[in-house]
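Undergrad: The following block contains the structure, expressed as structure tokens.
The values are calculated or read from the model by the stated rules, or taken from the named source; none is laboratory data. The model shown is predicted, which means the values in this text are computed figures rather than measured ones. Using ideal geometry, Cβ is built from the backbone for each residue, glycine included, and neighbour counts are taken over all protein chains shown.
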Amino acid sequence: MWKSNTIFNHFKSRLNFSLLSSRRFASTIAQNPSTFNSIPHANQQVIDFPGGTVKFIPEMRFISESSQERIPCYRVLDDDGQLLANNFVQVSEEVAVRMYNNMVTLQIMDTIFYEVQRQGRISFYATTIGEEAINIASAAALTMDDVIFPQYREPGPLLWRGFTLQEIANQCFSNKYDNGKGRQMPIHYGSNKHNYFTVASTVATQVPHAVGAAYSLKMDKKDACSITYFGDGGSSEGDFHAALNFAAVMEAPVIFLCRNNGWAISTPTSDQFRSDGVVVKGQAYGVRSIRVDGNDALAIYSAVQAAREMAINEERPVLIEALTYRVGHHSTSDDSTKYRPTNEIEWWRLAQDPVARFRKWIERNGWWNDIAESELRNSLRQQLLHSIQVAENLEKPPIADIFNDVYDVPPSSLREQEQWVKDTIKKHPLDYPENISA
Amino acid sequence: MLRAIRHKSIHPAFCAFRAFSSAAKEMTVRDALNSALDEEMSADPKVFLMGEEVGEYQGAYKITKGLLDKYGPERVLDTPITEAGFAGIGVGAAYYGLRPVVEFMTFNFSMQAIDHIINSAAKSYYMSAGQISVPIVFRGPNGAAAGVGAQHSQCYAAWFAACPGLKVLTPYSSEDARGLLKAAIRDPDPVVFLENELLYGELFPVSAEVLDSSFCLPIGKAKIEREGKDVTITAYSKMVGYALKAADILAKEGISAEVINLRSIRPLDRSTINASVRKTNRLVTVEESFPQHGVGAEICTSVVEESFGYLDAPVERIAGADVPMPYAANLERMAVPQVEDIVRAAKRTCHRSVPLAATA
């Protein structure tokens, strides 16, 4: 009874004071020490709650929904390709030139394949324009043992690891040499040989997959990590949150690389989340994180290499948010000028081109020049046009590929269906196109 | 890896001694699953378990009892509450060479992970053109328990069995549980393993062959639990027990029922079912789940496609009521098939074969 009386008094006095000013609330409590004596353990400053020791404070302090300043962004090269400082992992001439070659390859490949789709020769394509640095520099910082789980805007690591332009073309045209056996739409590449898991259209499903694979690598005690890419939009999926939470609990060696390019089809980041981007979400899950200039190849290279070491040696996940801009449309099914200003797109395309910025740096080092540039671009165009021509004229995959790979061992029901289809084609050849090969 | 098996009628003091001398002739489904997991984990270090409460709690239904102590926290993982998360992580681990056994506390909760089961597990081998195989098992109780309401009682056999790339198994007895779970774990394809909570505590006889650690049942083969010649009754999981009871009742009335325990919903053993129908000429399909687009509908189509001329009566389909499961005990009883429903259906198929001339 006595306890409740004093608590009643406490609330009564609080009521009176609150009429005058809500600011007085804190001092009201401080001025009424009798209430403290009546509540058990009121003088303890800490308690061992499940999860760890927590200090008590008499103030009702809300953590702000956003900090005053956005988390700053790690950058090595300025817009002009000049070094800002020496806080980066040194890159040899050989590696730098190879990186640049691959970035240009990716850029030209995208430009040409986009046109091929517009000409109606392939059904679909999605470009990576503006994100060449993220694609290539991240791959360059990894080893072939590190396992890659892409979304669908990361063909760069495949190119870096040796997937050829012919193989790209074969997949886009889904001919009989497509190592995906014509099973998927264009740009859904995958290759075991290159430790690059097949692209799936589902958004962010690859994020928990990467954690599971990282767990497997840890169990095998391999000197390797897994890396997974996703966009700003992908970070809204439940899979992203489950994966980060899990990775921290499981202490899995995985790198989460978010390409925050400002747009998820037509949804700008302001409609995607209200946090300061994606980097701040890492700490919420107990994941170490960094924000990086996504258009700066050297910054990406350094951050990914550092993250890889932490992931493997400390057995922890790391989140890298690479800020960039999706210069191209979401895909060939999209016209982004319908929802964003053309001058915005152009500014990013010209003034922030990661390829041009890196080129300035390697030229300044004496590792590149105009002649090399035009030779490279011409040679790539030739190669691409040739690969496309070859791919376009190759046969499509055989009928058997409809029925294989559903299970490890084809069940009798599928074998029967396959035979039935083949018999039907033989019996009614005029009902089927000529390029169906039984 | 035998545990002391309790016989309720035997005084506990004699229990341990009797267990050895009777050479383990009976086993609960729970112990069958537990021993199968234990043996497969022991045989292959890549097999590991994941799920809510599978470790410290010994499993929500005690199926994984003792395994955390034996194999340690790296191989028995207590997961946060995120079905989508741990299903995705299991798939990723399977992609990279481990053999996860993922437990859903009930398959009702698998709905939160069904994207990973279908789009990541079932389709990856095909979509990757054979580069990514997914040797994962998703297991847990499925279908109605007792008094748990709509969100804990649905049977998902038909949903998963509709999807190419998955295998779907439905054990009934302890022999089924051991043999099919071992087969599922060893299989390179993703397997959905649908148990039943009410069967966990049931005792079934098991032979020495079943208890051997190399025991395995083939996936895709149904078992004829009871031979008969007048009517074929197909069932899976708990309904097999009901079908057998119905067969006893029918036998007293001169109707000899052949009871088929499907064991495997995908692949469905169409040849065993059709061979049986060609012998008996009558078919009753039994399932606990909702009727529309269910397992019974698929079996009926298979028989109509392959054995239409042999049918002497329309196929009878016994299924659960087409309503979300109610909670009150009397309502729940009406919402699931009972033995009498099966008996009446079998009689309907038999009486329809009485020629019209006999009534003149």
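Undergrad: Just to be sure before I move on: is A:Val199 over 13 Å from the mean Cα position of the chain (by Cα) and either over 30 Å from A:Asp79 (Cβ atoms) or within 10 Å of another protein chain (Cβ to nearest Cβ) (or both) in the structure I sent?
TA: Here the answer is no, as A:Val199 does not meet what is asked.
Undergrad: Here's another thing I want to ask about it. Whether any residue in the stretch A:348-367 is loosely packed, with under 14 Cβ neighbours inside 10 Å, more than 22 Å from the chain's Cα centre (by Cα) and under 15 Å from A:Asn261 (Cα atoms) is what I want to check.
TA: Within the stretch A:348-367, none of the residues are loosely packed, with under 14 Cβ neighbours inside 10 Å, more than 22 Å from the chain's Cα centre (by Cα) and under 15 Å from A:Asn261 (Cα atoms).
For every residue, the table says whether it meets (1) within 25 Å of B:Glu332 (Cβ to Cβ); (2) hydrophobic (A, V, I, L, M, F, W, C); (3) free of Cβ contacts under 8 Å to residues at least 24 places away in the same chain.
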site	(1), (2), (3)
B:Ile136	no, yes, no
B:Ala146	yes, yes, no
B:Leu194	yes, yes, no
B:Pro205	no, no, no
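Undergrad: Scan the stretch B:230-271 for residues that are among the polar types (S, T, N, Q) and within 14 Å of chain A (Cβ to nearest Cβ) and report the count.
TA: Of the residues in that region, 2 qualify.
Undergrad: Please go through the stretch B:107-123 and give me each residue that is buried (at least 20 other Cβ atoms within 10 Å of the Cβ), of a type in the set (S, T, N, Q) and at the interface with another protein chain (Cβ under 7 Å from one of its Cβ atoms), ordered by number.
TA: The answer is B:Ser120, and nothing else.
Undergrad: If you take just the strands (runs of 3 or more DSSP E) that sit entirely in the stretch B:260-349, which of them hold at least 1 residues that are assigned by TED's automatic domain parsing to the domain that holds B:Lys238 and under 19 Å from B:Lys229 (Cα atoms)?
TA: Fully inside the stretch B:260-349 and qualifying: B:283-286, B:316-318.
Undergrad: Right, another one. Given B:Glu288, B:Glu258, which one is out of contact with any Leu (no Cβ under 7 Å at 6 or more places or on another chain), closer than 21 Å to B:Tyr156 by Cα and buried (at least 19 other Cβ atoms within 10 Å of the Cβ)?
TA: On inspection, the qualifying residue turns out to be B:Glu288.
Undergrad: Next question, about the same structure. Taking the residues in the stretch B:92-106 that are touching a Gly at 6+ places or on another chain (Cβ under 7 Å) and within 25 Å of B:Gln151 (Cα to Cα) as candidates, determine which candidate is nearest to the other protein chains (Cβ to nearest Cβ).
TA: B:Val102
Undergrad: Give all pairs with beta carbons closer than 8 Å in which a residue from the stretch B:30-43 that is within 12 Å of B:Phe193 (Cβ to Cβ) meets a residue that is surrounded by 20 or more Cβ atoms within 10 Å (Cβ to Cβ) and among the polar types (S, T, N, Q); count only pairs at least 6 apart in sequence or on separate chains.
TA: Cβ pairs passing all conditions: B:Leu37/B:Thr64.
Undergrad: Scan the stretch A:336-345 and give yes if some residue there is surrounded by fewer than 16 Cβ atoms within 10 Å (Cβ to Cβ), within 24 Å of A:Val292 (Cβ to Cβ) and not small (Gly, Ala, Ser), otherwise no.
TA: Yes, because at least one residue in the stretch A:336-345 is surrounded by fewer than 16 Cβ atoms within 10 Å (Cβ to Cβ), within 24 Å of A:Val292 (Cβ to Cβ) and not small (Gly, Ala, Ser).
Undergrad: For the subset of the stretch A:134-159 comprising residues that are assigned to a helix (DSSP H, G or I) and out of contact with any Leu (no Cβ under 9 Å at 6 or more places or on another chain), which member is surrounded by the most Cβ atoms within 10 Å (Cβ to Cβ)?
TA: By that ranking, first place goes to A:Leu158.
Undergrad: So for the stretch B:214-231 (the condition being in contact (Cβ under 8 Å) with a residue 60 or more places away in the chain and either small (Gly, Ala, Ser) or at positive phi (or both)), does at least one residue qualify?
TA: Among the residues of the stretch B:214-231, not one is in contact (Cβ under 8 Å) with a residue 60 or more places away in the chain and either small (Gly, Ala, Ser) or at positive phi (or both), which makes the answer no.
Undergrad: Quick test for you: out of B:Ala251, B:Ala247, B:Ala183, pick the one residue that is small (Gly, Ala, Ser), outside any loop (DSSP other than H, G, I, E, B), modelled with pLDDT of 95 or more and surrounded by fewer than 17 Cβ atoms within 10 Å (Cβ to Cβ).
TA: B:Ala251
Undergrad: Select, from A:Ala303, A:Ala322, the only residue that is away from every other protein chain (no Cβ under 14 Å), of a type in the set (Gly, Ala, Ser) and over 13 Å from the mean Cα position of the chain (by Cα).
TA: That would be A:Ala303, the only listed residue that is away from every other protein chain (no Cβ under 14 Å), of a type in the set (Gly, Ala, Ser) and over 13 Å from the mean Cα position of the chain (by Cα).
Undergrad: Taking A:Leu244 as the residue in question, decide whether it is within 10 Å of chain B (Cβ to nearest Cβ) and either crowded, with 24+ Cβ neighbours inside 10 Å or aliphatic (A, V, I, L, M) (or both).
TA: yes
Undergrad: Quick check on the stretch B:163-173. Is at least one of its residues touching a residue at least 24 places away in the same chain (Cβ under 8 Å) and on the phi > 0 side of the Ramachandran plot?
TA: Within the stretch B:163-173 (the criterion being touching a residue at least 24 places away in the same chain (Cβ under 8 Å) and on the phi > 0 side of the Ramachandran plot), the answer is yes, since at least one residue qualifies.
Undergrad: Answer yes if at least one residue in the stretch A:160-169 is under 14 Å from the mean Cα position of the chain (by Cα) and away from every other protein chain (no Cβ under 12 Å), and no otherwise.
TA: no
Undergrad: Moving on. Does B:Ile118 fit the bill of being under 25 Å from the mean Cα position of the chain (by Cα), under 17 Å from A:Ser201 (Cα atoms) and of a type in the set (A, V, I, L, M, F, W, C)?
TA: yes
Undergrad: Next question. Taking the condition within 9 Å of another protein chain (Cβ to nearest Cβ), within 13 Å of the chain's Cα centre (by Cα) and in contact (Cβ under 8 Å) with a residue 12 or more places away in the chain, does A:Val207 pass?
TA: yes
Undergrad: Restricting the stretch B:61-92 to residues that are among the β-branched types (Val, Ile, Thr) and under 24 Å from the mean Cα position of the chain (by Cα), which is nearest to B:Phe138 (Cα to Cα)?
TA: Filtering the stretch B:61-92 for residues that are among the β-branched types (Val, Ile, Thr) and under 24 Å from the mean Cα position of the chain (by Cα), the one nearest to B:Phe138 (Cα to Cα) comes out as B:Val91.
Undergrad: Same structure again: Do you know which of the residues in the stretch B:186-217 that are within 14 Å of chain A (Cβ to nearest Cβ) and of a type in the set (A, V, I, L, M) is farthest from B:Thr106 (Cα to Cα)?
TA: B:Val191
Undergrad: Could you check the stretch A:91-108 and list, in sequence order, the residues that are under 17 Å from A:Val292 (Cβ atoms) and outside any helix (DSSP H, G or I)?
TA: The answer is A:Val91, and nothing else.
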